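Read the structure below first, then the notes.
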Amino acid sequence: MIIAPSLLAADFTRLGKEAERAAASGADWLHLDVMDGQFVPNISFGPAVVAAVRPHAKNLFFDVHLMCEKPEILLEPFVKAGADQIIVHVELNERVPQLLWKIKSLGIKAALAVNPPTAITAVQPYLDKIDMLLVMTVNPGFGGQSFIHECLPKIQQAEAWRRERKLSYRIEVDGGINNQTAAECARAGADTFVAGTSLFGARSLKTAVKQMRKMVNGSDPGLADLLI
Ligand code: DX5
Ligand code: ZN
């Protein structure tokens, strides 16, 4: 199981220190939410910020989530900034195959996200081309929103497809993830958990990561052995 604190919920006046805190917390990944004010009604940060943070969290895998209208122009800059994986949205429709191909050709992992209102069938053509599927559990744009329970069947479907087609993409969830909702998602088949508010907002990030890991591992002991 992968625990990925989202930097969006960190203290922006001290991002280096916050990244160090994440790196020392026992978390596996750092999730970086890039918003362009077009694809979503909010703006966060760009490649320069990711590059500045990178040396402060050398041991963490950088999971870059592009909520952007034109990811084409951002792929190379984010790879140079230190991204290990880039996530693009299936809502970009016919541009998706080219984007996934470009990410792979830059030598990093490629992932696809699906928003709550979008049918899970939209990702079906790409399942054998991705390293991870991100099932959004809030409408993207802002941290601190409530988990949308209607997204759980999409996780189950993604897990069923993975099993039936003998694929190995990870299944990530993002938005409103706390110990309870993480456990529900784990039971549905998720193995990668992004959490902003519930982790960075906790008094001890280290304890919060440990507790969340315990919750998701405990939710299905059989699966926990298979998906480390
Ligand atoms: C939502 C972002 C999330 C966000 C999650 O647009 O994609 O990654 O940081 O924040 P919480 O965990 O606070 O819902
Ligand atoms: Zn995200």
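The values are calculated or read from the model by the stated rules, or taken from the named source; none is laboratory data. In this text the structure is predicted, and so the values were computed from the model without any measurement. So basically every Cβ, Gly included, is an ideal-geometry build from the backbone, and we count neighbours across all protein chains shown. Heads up: the accessible areas ignore ligands, DNA and RNA and are worked out on the full protein's heavy atoms, side chains in. Shrake-Rupley method; radii C 1.70, N 1.55, O 1.52, S 1.80 Å.
Some notes on this structure:
- Rounded to the nearest 10 Å², the accessible area of residue 35 at probe 1.4 Å: 10 Å²
- Gained length - residue 93 relative to residue 160, 0.36 nm times residue gap less alpha-carbon distance: 21.8 nm
- Here the Karplus relation 6.51 cos²θ - 1.76 cosθ + 1.60, evaluated at θ = phi - 60°, turns the backbone of region 73-86 into coupling constants of 7, 10, 4, 4, x, 6, 5, 4, 6, x, 5, 9, 8, 10 Hz, with x for every Gly and Pro.
- For the set 203, 165, 95, solvent exposure ranked by accessible area (probe 1.4 Å, protein chains only) runs largest to smallest as 203, 165, 95.
- Inter-label distance, residue 70 to residue 105: 1.9 nm, where each label sits 7 Å from its Cα along the C-beta direction.
- Whole-Hz couplings from phi, Karplus 6.51/-1.76/1.60, listed for region 115-124; x for Gly and Pro: 6, x, x, 8, 5, 5, 4, 4, 8, 3
- If the chain linking residue 179 and residue 118 were pulled fully straight, counting 0.36 nm for each residue of separation and taking away their Cα-Cα distance, it would gain 19.4 nm.
- For region 183-197, 3J(HN,Hα) per residue [Karplus equation, 6.51 cos²θ - 1.76 cosθ + 1.60, θ = phi - 60°, Hz, x = Gly/Pro]: 5, 4, 5, 5, 5, 7, x, 6, 10, 9, 10, 9, 8, x, 3
- Where the chain is the region considered: accessible area per residue in Å², 1.4 Å probe: 43 Å²
- In this structure the amide hydrogen of residue 28, modeled in the peptide plane, comes within under 5 Å of the amide hydrogens of 3, none closer than 5 places in sequence on its chain.
- Taken about its Cα centre, the chain carries a charge dipole of about 540 debye when Lys and Arg each add +1 at the Cβ and Asp and Glu each add -1 at the Cβ.
- The chain: C-alpha gyration tensor shape, a/c 1.5 cut-off, then a/b vs b/c: rounded
- Candidate residues 84, 128: accessible-area rank, largest first, probe 1.4 Å: 128, 84
- Inter-label distance, nm, simple model (7 Å from Cα along the C-beta direction), residue 49/residue 61: 2.3 nm
- With Cα atoms defining each centre, region 65-82 and region 111-184 are spaced 21 Å apart in the structure.
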